[in-house]
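Below you'll find the structure, written out as structure tokens, and then a few comments.
The values are calculated or read from the model by the stated rules, or taken from the named source; none is laboratory data. These numbers were taken from a predicted model, which means no experiment stands behind them. Note that each Cβ is placed from the backbone with ideal geometry, even for glycine, and that neighbours are counted across all protein chains shown.
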Amino acid sequence: MELFFNPFDNLVCILLGISFTVWFTLLLVFIIVPAIFGVSFGIRRLYMKSLLKIFEWATLRIERGAKEKNHQLYKPYSNAIIAKEPTSLEEEIKEIRRSGSNRDLDSASEFEMSDIFYFARRGVESIMDDEVTKRFSAEELESWNLLTRSNYNFQYISMRLTVLWGLGLLIRYGILLPLRVTLAFTGVGLLVFLTSVIGLLPNGRIKNFLSQKVHLMCYRICVRALTAIITYHDSENKPKNGGICVANHTSPIDVIILASDGCYAMVGQIHGGLMGVIQKSMVKACPHIWFERSEVKDRHLVAKRLSDHVEDKSKLPILIFPEGTCINNTSVMMFKKGSFDIGATVYPVAIKYDPRFGDAFWNSSKFGMVNYLLRMMSSWAIVCSVWYLPPMSREEGEDAVQFANRVKAAIARQGGLVDLLWDGGLKRAKVKDTFKEEQQKLYSKMLVGTQEDRSRS
Amino acid sequence: MGASQTRSESVYQELMDKTGFSLEQIKNLKKRFLHLSGNEETISRENLDAIPALANNPIRKQIIEAFFDKRNQRSSEVGHLEEIGFEQFVMVMSHFRPPALRTSVEEREVMRKEKLQFLFNMHDTDNDGVITLVEYRKVVEELLSKSGAIGHEAARAIADAAMLEVASTNVPDMAPDDFYEGITFEHFEQILKGLEMESRMHIRFLDVDTSTMRCGKSTS
């Protein structure tokens, strides 16, 4: 047999070899090593800023295109029927009056016949749509993030934009996706391997210390695998041992986001397949709480295991998502009361994703897990904010449901999410009148300034 | 799409013409109507009363009543209904429709007059075409707190002063002993003449399919 050695082939081999080496070195230096030590070069933030500039430009082009054709544009992120302005009562009434009379009204202190407009409009608004405001006004066009999956304004895209979009597609699927998939495999593989190794050590301080470091490192690699740019606020309120950490749930990524900043004991059902392997190896290194499928239904068993874990102060805080399912990150739904019944300190955490970079919400009826992960890995980035709220405990005379609602309200308020507390209003019957009186008081306080000057007839 | 689109379009065409809403807006309103009525054909006052967000509006009663007022149906009937169907619901809502991108000056005038008529009807509860002092006092008292900074007497005084102002503007040579009947619609229009209503008294619809995505089993 003759070996055909073409000098050209040789060259190609050498080039390939060099580029692989370079690539892996870069990967190691810029991503894996910082992940191990928990430092950051700031590359991701720079990336985020440049992306934002590009999105702004793209949005302007679309707006221009739409204006030329004199059409209304679709606003993809709203889920309300009407747009509500987040102005206060005083501001709006001033506006109404200013547009009406010629008098110079700097103070809103006199009653005008037109004041009733404001209340009439608000009233009809409530009838039309009572899912309360979104945080940002829905009138402004959300910037287009060059992902066609989130854009409804195709007909306004010019040639330049299409080119840019095509380029973006190439970059995302050609460069970013393989890179991220590699990282993801590295992260998960390391996690499984290292935790199994640590599991061989005897229980003790060294084991705990090592297991924490390993967990953190692997989760950080996973965070970089998704190009998640996370801002943590109020880290002094981070959950401590013997507590329960409670957060709102938007996607399975929430776990990775929280676990890359602190060590938690996870709670969940044992799955088969790859997830099962990961779960089994994780539990070797430090105690997580995994349930068999049959055990999940047994509430007492669940509660008992959770409280046992919580009482042992050497064990890590438990991480729970009480909503039970993924919500689309505009609201916080009913919290299941099980975790609030245990009597431990609750550390609420609010997670809010920035929708400009892609929708992180997992619609499990529409997409499977793998599909979802691929979508996440082929978007530009995942940008989110995490707020650690001060710890809360159940107060005297409060039952689990009220406690759960209190925590939920705190999370919703911090994250700027809608607190969907209303459940038919049967219990709220008494509350209604107080709310009405509050608005009345607000309005009358506004007028009360000139009461003394008013001439009585 | 296709065939079903045109069918629903023809069903709502008449409504679209009468009220000026677009097909998409009418569909959204229909969803909302069904949600409020509990999937029934009609809405009663209790359905509207149960809306939590409406709870903190001081003139809640008047607003709900406005939906059941025959005068707001753009017919010449007067009186009140016990329950309203979808058509009547949309008719009342059309008072708050924003002006389209291109409306002529006459159309704007007509819309303005309708909005003013709506507000007038809210005050004039006995359908006699005139807002008397008693009726006006009632509205003002609802707006102001019964328990807070402004007391009952003060609220009355405010209402009286406002009426006086209307009277002096519209009937300037009224003798001090004359009895001012009440605010007629023309006087009402006069007082609120300069007010720019187009932007203040309308509700901005979002032109987007409002189906929300939910994870897991669909709930609502």
Can you name the residue in the range B:83-118 that is among the aliphatic types (A, V, I, L, M) and touching a residue at least 12 places away in the same chain (Cβ under 8 Å) and, of all such residues, is farthest from the other protein chains (Cβ to nearest Cβ)? B:M111
For the range B:72-80, does any single residue satisfy the condition of being within 24 Å of B:E14 (Cβ to Cβ), buried (at least 17 other Cβ atoms within 10 Å of the Cβ) and not assigned by TED's automatic domain parsing to the domain that holds B:E141? yes
Any residue that is within 22 Å of A:V192 (Cβ to Cβ), more than 14 Å from chain B (Cβ to nearest Cβ) and at pLDDT below 80 - is there at least one of those in the range A:257-269? yes
Residues to consider are A:V277, A:V246; find the one that is part of a strand (DSSP E or B) and in contact (Cβ under 8 Å) with a residue 60 or more places away in the chain. A:V246
Tell me yes or no: at least one residue of the range B:44-57 is under 30 Å from B:D160 (Cβ atoms), among the polar types (S, T, N, Q) and touching a Lys or Arg at 6+ places or on another chain (Cβ under 9 Å). yes
Given the criterion in a loop (DSSP other than H, G, I, E, B) and within 23 Å of B:Y12 (Cα to Cα), identify the matching residue among B:E114, B:E87, B:E40. B:E40
So, in the range A:181-193, how many residues would count as being in contact (Cβ under 8 Å) with a residue 24 or more places away in the chain and either among the small types (G, A, S) or closer than 25 Å to A:W57 by Cβ (or both)? 2
From the option list B:N72, B:N47, single residue qualifying as touching a helix residue (DSSP H, G or I) at 6+ places or on another chain (Cβ under 8 Å), assigned to a helix (DSSP H, G or I) and more than 11 Å from chain A (Cβ to nearest Cβ) is B:N72
